[in-house]
Amino acid sequence: MKIALCQINPTVGAINQNKKIILETYSQAIDLEADVIVFPELAIIGYPPQDLLLRDRFIINAQNALNEIAQESTIPVILGNTLIEHNKLYNCAFICENGEIVSHYKKRLLPTYDVFDEDRYFAAGNKHCIVELAIDGKNTKIGLQICEDLWDKNYSCDLAKELKESGAEIIINISASPYRVDKLLDRCELIQTKAKDNSIPYIYCNLVGAQDELIFDGQSLAYNEN
């Protein structure tokens, strides 16, 4: 299986521009014969969107952009966007394939420290998500996570273990993780531990670039179960 990790640099609020970048990068990944194409957390609207999330029209425009990306999809693409459900706003990972949105996952762990204030805007999901994709004639079960879901050692849960025990064969985490000194080392050690302890490949796709005072270091990576 060939997985394309597209660590793009979206601009906060520039939905149409970000959609164009996503579709162009998606097309390039297809040309490189990727089987699954992955974009970062909230790739359609940029991160951190902050009070733009309080504007109804902004959320509608983001959903319209997602629908247009889904319509253009052929091979599976995983990307981040918002979702309103029962009057609650969620930070989600969407899976699109063959012109349709086939599944979504609601981020479960919402950071509320340092530069993060996600529980001001988002409700937390309460279920894991495993999507089964047919790749090269073989069905593969992919467990989804979003950014903070990786850092569950700070919470009373083990989300990677939960995915593995529920049948996931690969974990893919889409992220918007800002740079700090030694964070790459911490991130690598944590992903390595998750992959090894659960005997499962762990794939991580991060944003790159800058938004105001935040710098995103990319450094997308993959660890196998060894």
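Each value in this text was obtained by applying a stated rule to the coordinates, not by laboratory testing. What you are looking at is a predicted structure, and each value in this text was computed from that prediction instead of being measured. In this analysis, Cβ positions are derived from the backbone assuming ideal geometry, glycine residues included, and neighbour counts consider all displayed protein chains.
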Please give the net charge around Ala210, taking every other residue with its beta carbon less than 14 angstrom from that of Ala210, where Lys and Arg add +1 and Asp and Glu add -1. -2
Ranking request for peptides 126-135, 98-107, 202-211, 141-150: highest mean number of other beta-carbon atoms within 10 Å first, then the rest in descending order. 141-150, 202-211, 98-107, 126-135
Glu162, Glu189 arranged by Cβ crowding within 10 Å, fewest neighbours leading: Glu189, Glu162
Which one, Pro111, Leu214, Ala124, projects farthest toward the positive side of the charge dipole computed for the chain from Cβ point charges (K/R +1, D/E -1)? Ala124
Need the full-extension length gain, Asn139 to Asp182, defined as separation in residues times 0.36 nm minus the C-alpha distance. One decimal, nm. 11.7 nm
Environment charge of Gln50, counting only residues whose C-beta is closer than 14 Å and scoring Lys/Arg +1, Asp/Glu -1: -4
Provide the net charge surrounding Gln28, with neighbours chosen by a C-beta distance below 14 Å and charges set as Lys +1, Arg +1, Asp -1, Glu -1. -2
Order these peptides, 116-122, 170-176, 192-198, by their mean beta-carbon neighbour count within 10 angstrom, highest first. 170-176, 192-198, 116-122
What pairs from Lys141/Lys183; Lys88/Lys138; Lys19/Lys106 go past 26 Å between their alpha carbons? Lys141/Lys183; Lys88/Lys138
Calculate the length of the line joining the C-alpha centroid of the stretch 90-108 to that of the stretch 194-226, in whole Å. 19
So, in nm, how far is label Arg120 from label Asn226 when the simple model puts each one 7 Å beyond its Cα toward the Cβ? 4.7
Mind checking the dipole of the stretch 49-175: about its Cα centre, +1 per Lys or Arg Cβ, -1 per Asp or Glu Cβ, Debye to the nearest 20? 180
